[in-house]
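Right, one structure below, let's go through it.
The values are calculated or read from the model by the stated rules, or taken from the named source; none is laboratory data. Computed from a predicted structure; not experimentally measured. So basically every Cβ, Gly included, is an ideal-geometry build from the backbone, and we count neighbours across all protein chains shown. When the accessible area is computed, the model is the full protein with side chains, heavy atoms only, and any ligands, DNA or RNA have been set aside. Shrake-Rupley method; radii C 1.70, N 1.55, O 1.52, S 1.80 Å.
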Amino acid sequence: MNLIMKNKVLSAVCAVLAVVGIVCWVMQLSQGLSLTGMSTANSWGLYIAMFMFFVGLSAGGLIVASSASVFHIKRFKAVALPAIVLSTVCICLAGMFVLIDLGGIQRIWRLFTGPNFASPLVWDICVITLYLVINILYLVNMRRGNDRVVTIISRFALPCAILVHSVTAWIFGLQMAKEGWYSAIMAPIFVASAMDSGLALLLCVLAVLKKARIFNTSGDLMASLAGLLCTCIAVDAFFIFCEVLTMAYPGAAGAETLALMTAGPTAPFFWFEIIGGLVIPFCVLVFAKNRERTGLVVGASVLVIAGVLCKRLWLLLTSFIVPNVQGAPGIMSDGSWTLMGSYAPTLPEVAIVLGVVSVGVLGFELLAGWALAPATEAASVKAKAPAAAADMEDAAPSLG
Amino acid sequence: MSESQKTLSRRGFLKGTGAAAGALGLAGLAGVGTAGSLLSPVDAHAESEERTAHLCHQFHCLTGCNLKCTIRDERISIIEPSDIVKDKKHSTICLRGIGEVSHIYSQDRLQVPMKRVGERGEGKFEQISWDEAIKTIADNLKETQQKYGEGSVFIRKSTEAGIDFDFITQLLHADAGGQWGLDRGQANGLGPAFGPWSYLSNRSHWEFKDAATIIELSHNPLESAMVWSRPLMDAKEAGVYIVAIDPRFTGTAAKANEWLPVRPGTDAALIQGMLKAVVDNGWYDEEFIMAHTSCPYLVDRATGKSFRSSETMAPNPAVVSAEPVGAPFVWDTVTNAPALYDDPAVVAALEGEWTVDGKQLVTEFTLIKEWLDGITLEWAAETSGIDKQAIVNLADRYANNGPAIIDIGLGGADKYTNADVLGHSTAMLVALTGQYGKKGAGYASYCGLGASNPSATLNYWTLPEEYGYGESPVAMYDMPYKENSIHAALTFGDAFTLEAGAAQDMLNWVKTLDFFAIVDLYHSSAVDYADIVLPACTKFECEENVKQLRDSMGHVMLANGMVKPLFESKSDLQIERLLAAQWGLEDLLPKTYEELARFMLDGVADADPRMEGITYDALLANGGVMALPETGDDYMPDGTADFFLTPSTRIELYYEYLADQGHALPVYEDANEAFETNPKKAQYPLYFTQGKSRYRIHAYYSAAEWFQEDFGPSINIAPEDAEVRGISTGDDVRVFNDRGSFVATALINRSLQPGVLFMAETTYTRYYKEGFLQNVTNSARLERGYSMFFGPQIPYNDVLVEVEKA
Amino acid sequence: MTKYGMAINKTRCIGCQTCAYACKMQNSVAKNVRWNRVLSEGCDVVDGAVGQYPNLSRTYLPLACQHCENPACMKVCPTGATYKDEMGRVEIDYEKCIGCRMCMAACPYNARSFNWEEPVHEPGFAYGDKDVPERTKGVAEKCTMCKERTDRGEEPRCVQCCPMGARVFGDLDDPNSEVSKVIATRHASQLLEEQGTHPQVYYFE
């Protein structure tokens, strides 16, 4: 089954965006990262935020799929295949964002000839590679119907999925220099938001596949997954509350960072995450009746995904605003010395991000077409590509 | 401006490729637009050839560090403190020395001779050849002199351009522009008391640590002269109490124990408050007063003239008029009659009034007391804005707490019309308290000049007798306002916008000249008004291996190891020779800097045995640096209070020559514009002040790209003043008054007294959005200044303005 | 062992920025990059003031790489490009730097700069010490404690050029070195001590 050819409009749009993104990336390779809005004061930006975001999105799929085997939740088995496809694509995108963010990608072989195992980035690269391998093995064996192997792999997949998000969290959480990152709860928060955003994305994709008659998921299962999402949202909100309380209570350095989060330049992202990403979806999904209505579930899921994206942004960027030492040597922008950092992504930077996401959509089409073919051959004859396209676009993060 | 020059130069390059002007010059021309291609690309360092050179740096910060330059591939790549000076304390550098790496190769260097093609001020030029440029200048100067006489040509070499020689002005008997009017306001006021050059200290500033108190009066050495600040920080570490008197919270104020934020232009009121406290409380040093000052001298109360002998003359002539004067009388308490001041048998009265031959004779000290009776501490406090008790405390600390130094700045308070009153008042405070001529005490500008280092004896190249400066009936700064005969001008450096206030008046006058040529290093503000522009080279460049011979920091320094002049620039000497050749007079000038240096050293050891062994060849063998024998850590000149270059050789506090103008004593008067009760404040409520910045010496270094990263034309404004005007940091603001306006970037800075603006001294107009700061400065003249030693001073800071968002 | 370090006298520091430019010159530091910079502590502008008129104060803080004994930047560097050398200096092997900027996130002092593009030199040639390696775009750079000079037995350029003599350089492992003595006798402190990075650059008053 060729989903790319079936969804011509979507595929064409994605192909164009992907080409634009690649052109911008080549420009970035030749000109340097000055093409982006990053500066020495704000040394990480949209790419790293998207890296965190996609690592998280990848989680939901693998966790649902592997839970099915590990905890013998038979119902989840039904969606294991699309979940794994989604997870595989997302983790590839996450990896691409890390590579795009590198200033000296031509020296990347140094990672293999002389890795520093004290670096959380090295841990992350190892774990992500392992994670990707597990995903692929999972996918291959599942499609072949090799249940025994799938069960074994799933035993490794679940802890690996949790680990991949924890290690990503530790890239930030172990940095004492950044008040807003340095926290033991960073890994649990990452896992929780990975669960809710990943599940939300899975729900959206399942809804789209169902609507397009590519892959049918029962209403019961959707509701059940929505229930799980609701729980995850609650857990995520609880962790965030723990973190915020810990920051605020002593009224010390943490409170200053919190003040920036709640009232500073990153406040809109913070408040969208709290209200749009946690409170509203929770209030919607906490009622069983609402969970049965696909429209509400998808709506809540989109909010959760957007909320988690916002969270990645405020989490990353807030810690760059006020340096420990005001006006330190590395801080300079626009050819004049400044005392604070500031950041806004540039157009090419956004184009590269959209390009990567487009590659992801195409990749999903390709992979899903191959993986889901036997199960959906009959149903997919009259698939409505445009509908899928529209919904996929919703799921894709947009910074407009 | 800059665009047109770039375009010109690119075209010039294309045109000039045939007439190759040296590979380096061409490479430079090709790259005018971008510094990246200023010079051909450099390959790996390793294969490059390196050599070192030494030279004496800037004169104008009064420092003159010897710098060691590493020249790689004929480019000055490293500049560092000299390692061949005799003592480590003279192995110095500051950011200005280091910044030369950027400054020498600045994009705003003038590169080729140019002639004006647009209107004056428009900045449109076309490249011409050196031959054409020199001939045009000579033809115009000749024609002007034939038509209007020799005095119709004005030529000025600014201080930094070609130190130690100025031939062309003398060869043409040109008008050199008279008094400069720069930064000698206090010197005008203290000179008659302590002698004409007494604004430079007669003791070493390395003695700072021996003082109990140092008062930095309108002096900010920590930003203006970093290299000379080391003794001040030694003193701070040694626990000396440092007081900074300045309207602004300067770098020096930040390091001081106490900051007294006087209102601009009112420093004299504060000092007079101190005088009042000293005299009222009897804190003066009577022994010192009797031995070293004119306080017991008699004055004829009716005429205000000193009561002098008509037979016996004083040892020295009068300070200002240079005319011989009679020896002063004192009242001898033994014979109860007037007696010569220096008669050893006399016991002079300090105070009193007597009638002799119908004349009411009174001592100077009595007059001083009477004058001070009319002053109150309340007035001093109200005028200066400094709390009464703070004034009394400072007076107490200064007079009664061990040796104290008053270190004055050249600039700052000098830039108000009433600066002479300040100089006179401070001279009186120092004299009455006896804080002079002993270890840890003194009063002067402790800068690089003066007695801190031994100085060398050198020959000066002289021209035949028939050549010399012409008359200067009108000072340059007065030319726009006073009738004068100038019709053509040639300046080395930007005299017109740097050495005069109210730039629009000056530049409008420049526009009326028949001809104006400028020789400069950078595209300075006046360049746009010139008919012919000649590019000079920096002190690091020369046609020959050696350049200037200088006497600095107790060393004789011969610049050597020069790089060739960049682009098509030439050294001052060769430019002067080219000009002189147009009159057939070039043979009167040294052919080379080598010839000049050899001449300056030739036979000096015969006149001064200290110069023994310091010859041209010995200098070159020693990297161009040789110390004078006394130079070293223990060099401490023993400046005393026993002899002054005043008529009676004592400190003379009563200024007879100003008696008719009512200023025999330092009677306070407001500045011309900058005073609280000025009705103009309703319209222009803010004081506009300018001063030195570490990033520049006057406008010099403005073109250094490294400094431009940190520092551009920005106007510092106090938060209170910014808030009411809705101004934020980074806004473009218009600063204006009746004289003109300019636009600069606002910088909200709380290290300012509210109501006072501050800007680093002028920079080239091309760096402003519109106009430049000299458009608003004051050109008022103090009438009595014309009778003073240094003439009236330009009151750059005596300025009120308003600011608004542009 | 040798452990190079520095002590900076904040009483003597007059904020003149000479060290900042000396560093720029010595190390051929490009346009809009500084390895070393003198900060006006707590001020919203350079050369500003803290407090309310007329009770103002201003102190300067010269800041560059602190050459920490426990360098956060080194720990997080994935390729070992940042390393602690045998003289106790924190150095960067530009050949190994992949430009991930982990080090920049980790440094509590914001001491590092990144070459977001090919470095631009004004003037347009490689001024500075001939032994200083060139940096390309995509690598991080910072104060090396003038590795090239200190390897030759010279003091760092900022120490040599400071007009106030506010900087003392030497071996922290040698109790008789001037720097060790100054640290011991003048109650020298370290910047952001609570970060546990143990800087080898000390400050004293």
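Just a few scattered comments:
- Extreme residue, positive dipole direction of the range B:679-805, given options B:Q753, B:L800, B:S728 (C-beta unit charges): B:L800
- For the range B:620-667, taking the reciprocal of the average inverse distance between every pair of different Cα atoms yields a Kirkwood hydrodynamic radius of 15.1 Å.
- Rounded, prolate or oblate (a/c below 1.5 giving rounded, otherwise prolate when a/b exceeds b/c) for the range B:116-165 by Cα gyration tensor: oblate
- Summarising the amide proton neighbourhood of C:K3: residues at separation of 5 or more, or on other chains, whose placed amide H is nearer than 5 Å comprise C:L172, C:D173, C:D174.
- Against the main long axis of the alpha-carbon atoms of chain B, helix B:572-581 sits at an angle near 80°.
- Taking the charge dipole of the protein assembly as shown about its Cα centre, with +1 at Lys and Arg Cβ atoms and -1 at Asp and Glu Cβ atoms, the residue from B:T762, A:P265, B:S569 reaching farthest to the positive side is A:P265.
- Taking every Cα-Cα distance in the range A:21-94 and sorting them into 5 Å bins from zero, the calculated P(r) comes out as 3, 15, 16, 15, 13, 10, 8, 7, 6, 4, 1 percent.
- Sorted largest first by accessible area at a 1.4 angstrom probe radius, with every protein chain in place, the residues A:F172, B:F599 fall in the order B:F599, A:F172.
- Helix B:267-280 axis, angle to chain B major axis (alpha carbon atoms, nearest 10°): 20
- Estimated from the Cβ-Cβ distance and a Förster radius of 45 angstrom, the FRET efficiency linking B:D638 and B:Q360 is about 0.60.
- Hydrodynamic radius of chain A per Kirkwood, over alpha carbon pairs, in Å: 21.6
- Result for chain C in a Gaussian network model with C-alpha springs under 10 Å: among C:L61, C:L172, C:L192, the largest mean-square fluctuation is at C:L192.
- For B:E126, the accessible surface of its heavy atoms amounts to roughly 60 Å² (probe 1.4 Å, protein chains only, rounded to the nearest 10).
- 10 Å beta-carbon shell around C:R12, net charge (K/R +1, D/E -1): +2
- A:M27/C:E95 FRET efficiency (R0 22 Å; Cβ-Cβ; nearest 0.05): 0.30
- Label-point separation in nm, B:E630 to B:K115, each point 7 Å along Cα→Cβ: 5.4
- For chain A, modelled as a GNM whose springs connect Cα atoms under 10 angstrom apart, the maximal fluctuation among A:N141, A:N324, A:N42 occurs at A:N324.
- Residue by residue along B:715-727, Cβ atoms of other protein chains within 10 Å of the local Cβ number 1 on average.
- Average Cα contact separation per residue, the range C:4-204, under 8 Å, 6 or more apart, as relative contact order %: 31
- Taking other residues whose beta carbon is less than 14 angstrom from the beta carbon of C:E118, and scoring Lys, Arg as +1 and Asp, Glu as -1, yields -1.
- Ranked from largest to smallest solvent-accessible area, with a 1.4 Å probe on the protein heavy atoms, B:T497, A:T246 come out as A:T246, B:T497.
- The orientation-averaged shadow of the Cα convex hull for the range C:4-204, equal to a quarter of the hull surface, comes to 12.0 nm².
- Each Lys and Arg adds +1 at its Cβ and each Asp and Glu adds -1 at its Cβ; summed about the Cα centre, the range C:4-204 shows a dipole of about 420 debye.
- FRET efficiency, 1/(1 + (r/R0)^6) with R0 22 Å, evaluated for A:A263 and A:A184 via beta carbons: 0.30
- Residues whose placed amide H lies under 5 Å from that of B:K570, excluding near-sequence neighbours: B:A536, B:C537
- Phi to ³J(HN,Hα) by Karplus 6.51 cos²θ - 1.76 cosθ + 1.60 over the range C:115-125, Hz, x for Gly, Pro: 7, 5, 8, 4, x, 9, 9, 10, x, x, 8
- Relative to one another, the C-alpha centroids of the range A:347-361 and the range A:16-41 are positioned 10 Å apart.
- Overall Cα dimensions of the range A:1-147 - principal axes, largest extent first, Å: 51, 45, 26
- Debye, to nearest 20: dipole size of the range B:679-805, +1 on Lys, Arg Cβ, -1 on Asp, Glu Cβ: 360
- Accessible-area value, A:C242, 1.4 Å probe, nucleic acids and ligands omitted, Å²: 40
- Result for chain C in a Gaussian network model with C-alpha springs under 10 Å: among C:M104, C:M87, C:M145, the largest mean-square fluctuation is at C:M87.
- Computed log₁₀ I(q)/I(0) - Debye formula, equal Cα scatterers, no solvent, the protein assembly as shown, q 0.04, 0.07 Å⁻¹: -0.32, -0.84
- All lysines inside 17 Å of C:K3 as judged from Cα atoms, apart from same-chain residues fewer than 8 positions distant: C:K84, C:K147, C:K181
- Net +/- balance of residues flanking B:E594 in space, Cβ distance below 13 Å, scoring K and R +1, D and E -1: -2
- Residue-averaged 222 nm ellipticity for chain B, from DSSP H runs of 4+ at -39500 (n - 2.57), nearest 500: -7000 deg cm²/dmol
- Phi-derived couplings, Karplus 6.51 cos²θ - 1.76 cosθ + 1.60 at θ = phi - 60°, listed residue by residue for the range C:15-29: x, 7, 6, 4, 4, 5, 6, 4, 5, 4, 5, 4, 9, 6, 6 Hz, with x used for Gly and Pro.
- Cα-based helix-to-principal-axis angle, B:185-194 vs chain B, degrees rounded to 10: 50
- What separates the Cα centres of the range B:223-282 and the range C:111-185 is a distance of 36 Å.
- Screening chain A for whole DSSP H helices of 27 Å or more along their axis (Cα) with average Kyte-Doolittle hydropathy at least -1.0 returns A:8-31, A:46-70, A:80-101, A:120-143, A:147-173, A:186-211, A:219-248, A:294-321, A:347-371.
- Projecting the Cα atoms of B:L458, B:L340, B:Y684 onto the dipole axis of chain B, where Lys and Arg carry +1 and Asp and Glu carry -1 at the beta carbon, places B:Y684 farthest toward the positive end.
- The alpha carbons of chain B occupy a box of 91, 69, 59 Å along the principal axes, longest dimension given first.
- Size of charge dipole - the protein assembly as shown - debye, nearest 20, with Cβ of Lys, Arg +1 and Asp, Glu -1, no other charges: 8520
- With both labels modelled 7 Å from their Cα along Cα-to-Cβ, the B:W283 to B:A607 distance reads 4.7 nm.
- Taking one quarter of the surface of the C-alpha convex hull of the range B:679-805 gives a mean projected area of 8.6 nm².
- Shielding of A:113-122 by partner chains, average beta-carbon count, 10 Å: 6
- Computed as a quarter of the hull surface, the mean projected area of the alpha carbon convex hull for the range B:107-223 stands at 12.8 nm².
- Modelled spin-label separation between A:A234 and B:E378, with each label point placed 7 Å from Cα along the Cα-to-Cβ direction: 7.9 nm.
- Close amide H partners of B:L800, meaning residues 5 or more places away or on another chain with modelled amide H under 5 Å apart, are B:F688.
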